[in-house]
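The values are calculated or read from the model by the stated rules, or taken from the named source; none is laboratory data. In this text, all values refer to a predicted model and were calculated from it rather than measured experimentally. Here the Cβ is made from the backbone with ideal geometry for all residues, glycine too, and neighbour counts use every protein chain on show. The area values use the complete protein model at the heavy-atom level, side chains included, leaving out ligands, DNA and RNA. Shrake-Rupley method; radii C 1.70, N 1.55, O 1.52, S 1.80 Å.
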Amino acid sequence: MSTPAGQPLPTTSTSPRPHGTPLRGLATTPASSTTRGRFGRMFRHVPVWSQDPKDLVELGRSMIQELEGGTIDKPLGEVDDDENTATLDDGELRLPAGYTYFGQFVDHDITFDPASSLTRQSDPDALTDYRTPRFDLDNVYGRGPADEPFLYEHDGLHLTVGKAVSADREFRGPDLPRTETTQIAIIGDPRNDENLVVSQLQSAMLRLHNVVVDRVAHDTHGSGLSSDDVFKLAQQEVRWHYQWVVVHDFLPRLVGQAVVDDVLATEGYAVPGGGTVDTLVPRLRFYDWREQPFMPVEFSVAAYRYGHTMVRPSYAINDRIPLPVAGVTDAARIPIFSHDADPLHNLNGFRTLPGEWGFQWKYFLPGIDDTAGPQDAHLPQPSYRLDHVLARPLSTLPDSVAGRETVVSGMPKALAQELAVRNLLRGLQLGIPCGEDVARAMSITPMAPEQVLPDDAVELPDAVRARLAGHTPLWFYVLREADVLAGGAHLGPVGGRIVAEVLVGLLHGDPLSFLSVDPTWRPTLPSREPGRFTLSDLVNLAVHGA
């Protein structure tokens, strides 16, 4: 990458702001994006169907995975019908477990709503998104070394990483950087410490920047570039490769390449001399933003919460930890969440990474350059199927993730720790239309009530089933659609189109994205296959430097 002499790079500022100098953006084109966006609606004219909260509680409780032989999972290597074993054309798993948490990481990059409530009606147009609605990695970079120097090393170029947890390179981690007394993670978004999987992914992204900044410094040595320019070049390179992975790796796995090619189409335009030039043109039929992108609640509170059903109840994380873990009697692997106070009995977040618990990413992604081990034939672990069933640990979230509170009058406070119930009530409070009405607005024939709420798959009282028939919450509808119409392998027509349009639309609306600045750009960092750059390549570079 290069920049014309004297022209500032359009990325996060690194220089301190002395008293008396103009605020960024007053004298020149802004160096950084806005720090807040807005929530809004994609389907403003679709009527809202208001359900009884107690019906939604019944529906949420019907979505919890049943125990199998008294356990929440099966041992690594055993056939598990709940797993999504669909593959790409080359035989690679379509959605290995790592993509579940990459999806969570992306969500934390573009959305944060600390203001809405499960117990009161909220107007999406009045909510503030305390994240930039852009793929700019503000959950990694914060507001930059000038504004948030505590995220950076003293040189202002490298991001601070945490302590290694093993002398062995394969299991060292490292952990996230943390305060000495409270062990709170010092990162751009505290939610990326919610569980140890997303925590280790955040750690990988910190290391990715540091690897890239060293590469840029090496490649530009002697060029006269300032350290500020080196940082900006590295930041742009990391952001653009991350954006590429979102739209050209992650999104096709979720919705299929044909949908991506339709939403981000290649079109030609004529130029003088009789020639034509091909360029990428977003075709957004339903995500209709005008002056700047907003965050649609149909996406953030419904369609994009598909990932909750991909969460496995438990995971193996490296070759070092013997399975089953001593003292864990209801799981063959390490539970994603539990209320067990022993830090070696779950992957709960908001705490230090235990010794020897550094992740080997071969357990989560294909093509990772980790040392070979005896379990490799069963790796990476698949995600769970996209359907309406949530892993059992998500019905008893730990206090660190969701505290107990009254969310439905007259019902137990523990409801607030049942993720399915939380999602359904959130949709109710934000007035999100039902799935069938959104399908009609998209000219898609809605699924029949017996497909959405089949007696043999969704256990509900008859009266509740009758009230919900034809008017199911959008989130639930999206999950059932993925199961019924896509076999649990990927998202269906309604959910897939919403997710694809919003992700592409946000990229299109970002004036600093590769799509806006240089739509012909292609990844330049090392990859496993020529012409293909994936999440595995990002992680390989971060963890192994190649």
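Here are some notes:
- Global form of the range 180-274, assessed from the alpha-carbon gyration tensor, a/c cut-off 1.5: oblate
- Trypsin sites (Lys or Arg not before Pro) restricted to the range 444-546 and DSSP loop, no more than 14 other C-beta within 10 Å: Arg528
- Entry for Rg and Dmax of the Cα atoms in Å (calculated from the structure that is shown) out of (i) 24.4, 71; (ii) 23.3, 75; (iii) 25.3, 91: (ii)
- Residue ranking by accessible heavy-atom surface, 1.4 Å probe, largest first, among Ser226, Ser383 comes out as Ser226, Ser383.
- Cα-projected label distance for Gln375 with Glu78, points at 7 Å along beta-carbon direction, nm: 1.4 nm
- Normalised contact order of the chain, rounded percent, pairs of Cα under 8 Å and 6 or more residues apart: 24 percent
- In Hz, Karplus ³J(HN,Hα) per residue of the range 465-475 (6.51, -1.76, 1.60; θ = phi - 60°; x = Gly, Pro): 4, 5, 5, 8, 4, x, 9, 7, x, 4, 4
- Surface calculation, 1.4 Å probe, protein heavy atoms: His378 sits at approximately 90 Å² accessible.
- All lysines inside 23 Å of Lys362 as judged from Cα atoms, apart from same-chain residues fewer than 8 positions distant: Lys74, Lys163
- Whole-Hz Karplus values for the range 204-216 come out as 4, 5, 4, 5, 4, 4, 5, 5, 5, 5, 5, 5, 5 Hz, taken residue by residue from phi with 6.51 cos²θ - 1.76 cosθ + 1.60 and θ = phi - 60°; glycine and proline positions read x.
- Accessible area ranking (1.4 Å probe, heavy atoms, ligands and nucleic acids excluded), largest first, for His154, His209, His471: His154, His471, His209.
- Global form of the range 336-474, assessed from the alpha-carbon gyration tensor, a/c cut-off 1.5: oblate
- Here the range 407-522 is treated with +1 on each Lys and Arg Cβ and -1 on each Asp and Glu Cβ, and its dipole about the Cα centre works out to around 320 debye.
- For the chain, accessible area per residue (1.4 Å probe, heavy atoms of protein chains only), Å²: 41 Å²
- Helical runs (DSSP H, four residues minimum) scored at -39500 (n - 2.57) apiece and divided by the length of the chain put the mean residue ellipticity at 222 nm at -8500 deg cm²/dmol.
- Cα centroids of the range 407-455 and the range 64-109: 23 Å apart.
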